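Student: The following block contains the structure, expressed as structure tokens.
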Amino acid sequence: MARPKLIVGNWKMYKTVAEAVAMAGSLKSLGLGGRAGVHVGVCPPLTCLHAVAQALRGSGIEVGSQNLHWEREGAFTGEVSAAMVKEAGATFTLVAHSERRQLFGETNATANRKVRAALAEGLSVILCVGERLEEREAGRTFEVVRDHLLGSLEGVDSAAMARVAVAYEPVWAIGTGRTATPAQAQEVHAHLRGLIQGAWGSAVAEAAVIQYGGSVKPDNVRELMAQPDIDGALVGGASLKPDSFGALVHF
Ligand code: PGA
């Protein structure tokens, strides 16, 4: 069974509502949601999520949240729940992006609570994993991504794994212009698929979508996608303009 490719734009903290709606209109008119075998999504800032979801209705492009809180509601100033992003139009969420891990105290334990809350609400999840430069240089890449993967997905059963994608994003490649080579990425993707097989079995591992992220651009996307265990891309900078995001979807 061929796995679909999954191309997702993470807009981070970029775009006003007006800019985001204009961008969504461009993506829709480019027909980016219509490519067979390629699933496409965008993660706008929360202020624009509802408007972008409305603008993309009928486009085939899904809208996701960049983060969420694990409780459904409550006295959690500044936080937004899975139910809330779903109501606003999200069908999926990122969890544990490296910027959340590095700058906002995300741990495998908090990531796990977020994954479970999102899945319980019916959302799909893109779980981000990846080593920092010093961890790679210390030869700890496999150990770090194993801890991220298994720690963040603890208690998720095989049925729910159908709604979980993994994004391998080496921290040293994010926003730096320094991409992992296709061979470096493939090596970690194969390792991740092996870990999924060990924890959830062969069928789940075979179907699991594992994206690469970190300075993916129109000129390097194709060789990354050609690797057997790379099933898509999670893209920051190059997802912010319609033309470059369009080129990525048409890798
Ligand atoms: P980048 O970001 O494509 O700008 O390197 C990737 C990400 O943070 O998901």
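The values are calculated or read from the model by the stated rules, or taken from the named source; none is laboratory data. Note that the structure is a prediction, hence the values are computed from the model and not measured. Cβ atoms come from the backbone with ideal geometry, glycine included; neighbour counts cover every protein chain shown.
Student: Among the residues of the stretch 12-41, how many are part of a loop (DSSP other than H, G, I, E, B), farther than 22 Å from Val125 by Cα and out of contact with any helix residue (DSSP H, G or I) (no Cβ under 7 Å at 6 or more places or on another chain)?
Tutor: 2
Student: Between a first residue in the stretch 155-174 that is farther than 16 Å from Ile230 by Cβ and of a type in the set (A, V, I, L, M, F, W, C) and a second residue that is part of a strand (DSSP E or B) and more than 13 Å from the ligand (Cβ to nearest atom), which pairs have beta carbons less than 8 Å apart while being 6 or more apart in sequence or on different chains?
Tutor: Close Cβ pairs satisfying both conditions: Val156/Val164; Val164/Ser124; Val164/Val125.
Student: Which residue pairs have Cβ atoms closer than 7 Å, lie 6 or more positions apart in sequence or on different chains, and pair a first residue in the stretch 228-242 that is part of a helix (DSSP H, G or I) with a second residue that is within 6 Å of the ligand (Cβ to nearest atom) and not acidic (Asp, Glu)?
Tutor: From residues that are part of a helix (DSSP H, G or I), the pairs are Gly237/Gly175; Ala238/Val216; Ser239/Asn10.
Student: Looking at the stretch 128-227, what helices (runs of 4 or more DSSP H) fall wholly within it and have at least 2 residues that are within 19 Å of Ala111 (Cβ to Cβ) and either among the hydroxyl-bearing types (Ser, Thr, Tyr) or in contact with a Pro (Cβ under 9 Å, 6 or more places away or on another chain) (or both)?
Tutor: Hits in the stretch 128-227: 141-152.
Student: For Glu143, indicate whether it is farther than 23 Å from Val63 by Cα and at pLDDT below 95.
Tutor: no
Student: Within the stretch 19-38, is there a residue that is in contact with a Cys (Cβ under 9 Å, 6 or more places away or on another chain), surrounded by fewer than 17 Cβ atoms within 10 Å (Cβ to Cβ) and at negative phi?
Tutor: Yes.
Student: Go through the stretch 193-221 and give me each residue that's within 16 Å of the ligand (Cβ to nearest atom) and in contact (Cβ under 8 Å) with a residue 60 or more places away in the chain.
Tutor: Val209, Gln211, Gly213, Gly214
Student: Between a residue in the stretch 84-106 that is free of Cβ contacts under 8 Å to residues at least 40 places away in the same chain and assigned to a strand (DSSP E or B) and any residue that is away from the ligand (no atom under 12 Å from the Cβ) and charged (D, E, K, R), which pairs come within a Cβ distance under 6 Å, given they are 6 or more apart or on different chains?
Tutor: Close Cβ pairs (under 6 Å, with a partner that is away from the ligand (no atom under 12 Å from the Cβ) and charged (D, E, K, R)) do not exist here.
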